[in-house]
Amino acid sequence: MKLLDDLQQQLEQLDAQQLLRRRRIVATPCAPQMTVDGHALLSFCSNDYLGLAAHPVLAEALAEGARRHGAGSGASHLINGHTSAHHLAEERFAQWLAPHIPQAGALLFSTGYMANMGLLTALGGPGVDLFSEELNHASLIDGARLSRSRVQVFAHKRSDALADLLAQSEAAVKIVVTDSVFSMDGDLAPLPQLLQLCERHGAWLVVDDAHGFGVLGERGHGVLSHFGLHSPHLIYVGTLGKACGLSGAFVAAHETVIDWLVQRARQYVYTTASSPALAHALQASLDLVEGAEGQARRAQLQSLGVQLQREMQAMLALPARRSSGWRMMPSDTAIHPLLIGSNEEVLRLSAGLQQQGLWVPAIRPPTVPQGTGRLRITLSAAHSAQQVSQLCDALAVVDAGQEKREA
Ligand SMILES: Cc1ncc(COP(=O)(O)O)c(C=O)c1O
């Protein structure tokens, strides 16, 4: 039983380093108020940025999709699993991205993780130089590794560092890969500069807009719309489990790239197609996202973000807190990290908040670099202004409690 003994020992080590992750059981739909492990908590951790995950219109569309198309797809897309619901969803994604990518096509994947892995492994390979942003999501890092390309990492938001690497590359195919909104930092990649560099050096730009799709841009059409970008060199990944309130992802790119993915993206070819009911419900989700309700929800999200930043900055500026070392990371997105530092302290804060009925996850290495443990506060349009103030007040109380113990 050597394997079990080894695993047990490693689990104990993780526990001792405050790095052991535990799952909580949620008994209610995704919403700010949740029942978690039997306790009522106000949650600031979901990626349900527009508050659509439990929207009755989506629940009904899912049920209608199941009645119309069945619950399961029965096989992979290349066997018999590619239904008219999947196909219509792809056509709609291609339409949304058409102003930004000439001759755009789109391909639906079951998850964002699979889309990124499938995309990079299908496009990469020996002889390809892949330039990866330092803070990219794990799915891009894993896809880059598995692609067997030569991978070079450039520093966070440093287009000058990327420019040097591109200038030195002699590869026939160069691919730059970046998140649009960094998932643990909430800041935006300098996409106009990155795209300019790509065009100058004949490179492709892969943009993972997991946290921007539905939130940024005109009618929520994403980060390419936000920056007004247009280029045949763009390859776009949107995910559907965050602002869209469902699950899945798509790649949009020149239709030749899409045709190639259908042949070679193993995470597309060798897996059962997602439920056609889900694909059907996507239409209802996209209607909500780009319609008046989506506009109102994005405005609410924006206003809550401004409020949170303002109230947190005021709290951190109080004399008692100035030396805490905490830093609110500036953000115009739905992700507002509070940088704390040590794993122990961030865990203690998260636990203290929980005692007051709030759920804010402690993010630790390896998800973020050593010494940058943080509370990742995510906002949803379903939060109220009063709930945001409740969070700021609760943090002040936890901090005060901690100081009392230390005194
Ligand atoms: C930037 C980024 N890309 C991709 C993914 C993966 O998407 P999915 O959850 O649909 O697998 C995530 C998920 O958290 C993400 O944050």
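Enumerate the pairs (first residue in region 192-204 and in a loop (DSSP other than H, G, I, E, B); second residue anywhere and among the hydrophobic types (A, V, I, L, M, F, W, C)) with beta-carbon separation below 8 Å, excluding pairs fewer than 6 apart on the same chain, so at least 6 apart or on different chains.
Ala203/Phe131; Ala203/Leu166; Ala203/Ile175; Ala203/Val176; Ala203/Leu197
Can you work out which of the residues in region 106-139 that are closer than 21 Å to Gly202 by Cα, in a strand (DSSP E or B) and not β-branched (Val, Ile, Thr) is nearest to the ligand (Cβ to nearest atom)?
Only one residue tops the list, namely Glu133.
Restricting to region 308-351, give me the number of residues that are without any contact (Cβ under 8 Å) to a residue 40 or more places away in the chain and of a type outside the set (A, V, I, L, M, F, W, C).
12
Which condition number in (1) charged (D, E, K, R); (2) within 15 Å of the ligand (Cβ to nearest atom); (3) touching a strand residue (DSSP E or B) at 6+ places or on another chain (Cβ under 7 Å) is the one that Arg327 fails?
(2)
Residues in region 382-403: is at least one at pLDDT 95 or above, crowded, with 16+ Cβ neighbours inside 10 Å and β-branched (Val, Ile, Thr)?
Yes, some residue in region 382-403 is at pLDDT 95 or above, crowded, with 16+ Cβ neighbours inside 10 Å and β-branched (Val, Ile, Thr).
Considering only region 364-377, state which residues are of a type in the set (A, V, I, L, M) and at pLDDT below 95.
Across region 364-377, the qualifying residue is only Val368.
Scanning for something outside the structural domain of Gln33 (by TED's automatic domain parsing) and either of a type in the set (Val, Ile, Thr) or within 30 Å of Leu304 (Cα to Cα) (or both), does region 63-78 turn up at least one residue?
The answer is no; no qualifying residue exists.
From (1) within 15 Å of the ligand (Cβ to nearest atom); (2) closer than 18 Å to Asp208 by Cα, pick out the condition that doesn't hold for Leu162.
All conditions pass for Leu162, except number (1).
Would you mention how many residues in region 161-179 are within 23 Å of Leu224 (Cβ to Cβ) and either not assigned by TED's automatic domain parsing to the domain that holds His211 or not hydrophobic (A, V, I, L, M, F, W, C) (or both)?
Of the residues in that region, 3 qualify.
List pairs: first residue in region 140-158 and on the phi > 0 side of the Ramachandran plot, second residue away from the ligand (no atom under 16 Å from the Cβ) anywhere in the structure, Cβ distance under 9 angstrom, at least six positions apart or on different chains.
What qualifies is Arg148/Gly124; Arg148/Gly125; Arg148/Pro126; Arg148/Val128; Lys157/Pro190.
Do the conditions hold for Asn116, that is, is it surrounded by 13 or more Cβ atoms within 10 Å (Cβ to Cβ) and in the same structural domain as Ser183 (by TED's automatic domain parsing)?
yes
Residue by residue through region 183-213, note down the ones that are within 12 Å of the ligand (Cβ to nearest atom) and farther than 17 Å from Thr239 by Cβ.
Asp185, the sole residue that qualifies.
Limited to region 37-80, what total is found for residues that are over 30 Å from Val360 (Cβ atoms), of a type in the set (A, V, I, L, M, F, W, C) and assigned to a loop (DSSP other than H, G, I, E, B)?
Total meeting the criteria: 2.
If we keep just the residues of region 143-156 that are part of a loop (DSSP other than H, G, I, E, B) and in contact with a strand residue (DSSP E or B) (Cβ under 8 Å, 6 or more places away or on another chain), which is surrounded by the most Cβ atoms within 10 Å (Cβ to Cβ)?
Residue satisfying both the conditions and the ranking: Ser149.
Across region 214-245, which residue is surrounded by the fewest Cβ atoms within 10 Å (Cβ to Cβ) among those that are within 16 Å of the ligand (Cβ to nearest atom) and hydroxyl-bearing (Ser, Thr, Tyr)?
That would be Tyr236.
The values are calculated or read from the model by the stated rules, or taken from the named source; none is laboratory data. None of the values given here were measured: they were computed from a predicted structure. Cβ atoms come from the backbone with ideal geometry, glycine included; neighbour counts cover every protein chain shown.
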